[in-house]
Structure formats: structure tokens, C-alpha cells
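Novice: Quick one: structure below, then a few questions.
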Amino acid sequence: MEPDDPATRIHEAGFRTCPRGPGHVLADVLRRTGGVYETTTPLSPWLRDDIREVAELTSDAELLAIADLAEVPVSLDHLRGLDPRTRIVIRAELRYEADEGARVSRTGDRRPAVVTIMPDGAVVAGDACPPLAETGS
């Protein structure tokens, strides 16, 4: 994690969404894995649903199999040589290709933010740009 990483900036601004600080300490992860530069990360139910929907839209059997997993492997090999005290981020995300994002049902869904980093660099509590309320017209 770099000093300008959003999670680091949010933590330094006093918003403690993670009690032990943002990310994971590489040494702690390696201790849990027995020194192996590979770990796993969970797939949340909503992420698995999104993966499943894209897999069905694109007829991608390999992606559909991933949607059935509770967690996925993550290689840490690219972190060899880093100071073991380095904080790292381990996450899974779904990136849409071509028009996939426009074709899935939940792309427009947006959860409110815990904090917002403003263009001037200020960190403020809550959602600085809440979704517009639906009008009845």
C-alpha cells in the first residue's frame, strides 16, 4: 500500500473502518501460509451472484465455476523481496469487458459510501454524492 492509497488516507484521517489499519501486514500473511507466497480471499455472496450473471450472459463455463467458490487463490509471488512490514491489499473484484457491464442487472446499484475522498484531497464522512432520489414523473 502506498501512502496515497485511499484506504491509507481514510485511516489517517481518523476513520477507523479497519481497527488494525488498512490492508494486511505481509509478514502476518506469510506466517499464516507457512511462508508460501499464495493465500486465498473470500468471494462475497453478491460478488458471486454478479460473476454468475456475467458467466450466464457470456456462456463462460470457467467463470460459472468460479461463481460457485467461496474463496479464490491469490498469488503473492510479485511481493517477493518487499519488506515483510509492508501493508498489502488482498481482494477479488469483477471487471467487465466490452458491454458486459451494461447488460448485467446490478451495475446501476450503488451502496452508500462510508467516507469520500474529495477532489481537493479532503476526506469526509459519508457519501458526498448520494444517489439522486427517483422522481414520480
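Novice: Around V25, which amide H atoms from residues at least 5 apart in sequence, or from another chain, sit under 5 Å from its own amide H, with H modelled in the peptide plane?
Specialist: I88
Novice: How much length, in nm to one decimal, is gained on full extension between W46 and R85, taken as 0.36 nm per residue of separation minus their Cα-Cα distance?
Specialist: Result for the pair: 10.8 nm of gain on full extension.
Novice: When Lys and Arg each count +1 and Asp and Glu each count -1, what net charge do the other residues less than 15 Å away from A61, Cβ to Cβ, add up to?
Specialist: -4
Novice: When all protein chains stay in place, what accessible area (Å², nearest 10, 1.4 Å probe) is found for V36?
Specialist: 80 Å²
Novice: Quick one: which residues, 5+ away or cross-chain, put their amide H under 5 Å from the amide H of D60? H built at 1.01 Å from N.
Specialist: Here the answer is none, since no amide H 5 or more places off falls under 5 Å of that of D60.
Novice: So between R32 and D77, what do we pick up on full extension, going 0.36 nm a residue minus the alpha carbon distance?
Specialist: Residue separation times 0.36 nm, minus the Cα-Cα distance, leaves 14.7 nm.
The values are calculated or read from the model by the stated rules, or taken from the named source; none is laboratory data. This one's a predicted model, so the numbers in the text were calculated from it and none came from an experiment. Note: ideal-geometry Cβ built from the backbone for every residue, glycine included; neighbour counts use all protein chains shown. Surface accessibility is based on the protein's heavy atoms, side chains included, excluding ligands, DNA and RNA. Shrake-Rupley method; radii C 1.70, N 1.55, O 1.52, S 1.80 Å.
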